[in-house]
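The next block holds one structure in the form of structure tokens; read it before the comments.
Read-outs: derived from the displayed coordinates by stated rules, not from any lab. For clarity, every value in this text was computed on a predicted model and none was experimentally measured. All Cβ positions, even for glycine, are placed from backbone atoms using ideal geometry, and neighbour counts span all protein chains on display.
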Amino acid sequence: MRKAIFPAAGLGTRFLPATKAQPKEMLPLVDKPTIQYGVEEAIASGIEQVIMVTGGGKRAIVDHFDRSLELEHYLEERGKSDMLHILSEVDDLSNQLDITYIQQKEPLGLGHAVWTARRLVEGEACAVLLADDVILGDEPCLKQLIEAHRKTGATVIAVRRFPRSEIGRYGVVVTNGSQGRIHEVTDMVEKPEPGTEPSDLAILGRYVLTPAVFAALDQAEPGAGKEIQLTDAIKHVLGKEPVVALEFTGDYYDTGTVPGYLRANLMLAMKREGLREQLLPLLQELRDT
């Protein structure tokens, strides 16, 4: 597995006005933009090339992973070696893999964003990583999916169990048979109505897609929301080749909504030595008010 697609062309309307002039992928999670967590996960999973599918107004993503000689010179002149070190760590990410950018000219959905990168994938199985879903753990989530693909040859979907009361916010897989944390997928239901949930396994933002899924995207018609849905393309290959769901291990943070984003910032800040000690008195004060 050499390549990973990062769909990053969304308009970020849930975070307006903060995202009026900057990509939602660049909103900071403590002190790093959310998309950097995803790139670091790709590197730790052995990915050699990241394909960023961007839209208008996404220049900040390009600039973040590029060198800033002016900023380096400014910090060097003022002897800020600690900040120079942080900057060099970001710069080094693009030395560990190639980052390619391609534009999605219209916001026509996740499936269309993935399809936009088809020529750069060159008929290989590839990973898809959604930066909104930040997953941290000892073994990278994407690496776990890649290993499941190597074992099965299947399209692989990352899933996690959620309470039935929350599952309606997600796509849900229907399964038939399991081997440990790997489940055979027989169907997928997008945001089921309460009481109709076929399982408690929610689809999260990591995939390994086989070339058959890209072939299905070639023929895809607009679905829910008049957009090209990745779920529809994966459903199209069911019964023709295997599709499995992997219950990954790791801590999951949903930064795609304002409450989830704020929770993720607080949770990660409380795990950071130094920040935790500064935040605890504030949290105790808020609790007592």
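Positive contributions from Lys and Arg (+1) and negative ones from Asp and Glu (-1), summed over other residues with Cβ under 13 Å from the Cβ of V30, come out at +3. Given the stretch 189-252 reduced to its alpha-carbon atoms as identical point scatterers, what log10 I(q)/I(0) does the Debye formula return at q = 0.15 Å⁻¹? Values returned for q = 0.15 Å⁻¹ are -0.58. DSSP finds beta bridges in the stretch 3-256, and of those with both partners inside it, around 60 percent are antiparallel.
Look at the dipole of the chain built from charges on Cβ: of G123, Y101, G195, the Cα furthest out on the positive end belongs to G195. Among the listed pairs K58/K235; K58/K105; K32/K80; K3/K226; K3/K58, a Cα-Cα separation exceeding 24 Å is found for K58/K235; K3/K226. Across all directions, the average flat footprint of the convex hull enclosing the Cα atoms of the stretch 1-157 is 10.3 nm². Put in line by how crowded their Cβ is, counting other Cβ atoms within 10 Å and starting with the fewest, H236, H73, H112 read H73, H236, H112. Once the chain from M270 to T289 is taken as fully extended at 0.36 nm per residue, the excess over their C-alpha distance is 4.8 nm. In percent, rounded to a whole number, the relative contact order of the chain is 22, using alpha-carbon pairs under 8 Å and six or more apart.
Here the stretch 120-211 is treated as a Stokes sphere of Kirkwood radius computed over C-alpha pairs; at 20 °C and 1.002 mPa s its diffusion coefficient rounds to 153 µm²/s. Net length available on complete extension from D82 to E48 is 9.4 nm, with 0.36 nm assigned per residue and the Cα-Cα distance removed. For the stretch 246-278 and the stretch 50-120, compute the distance between their C-alpha centroids and round to whole Å. Rounded to whole Å, the Cα centres lie 23 Å apart. Annotation for the stretch 121-147 versus the stretch 156-213: alpha-carbon center distance of 16 Å.
Report note on the peptides 241-248, 5-12: ranked by the mean count of other C-beta atoms within 10 Å, highest first, their order is 5-12, 241-248.
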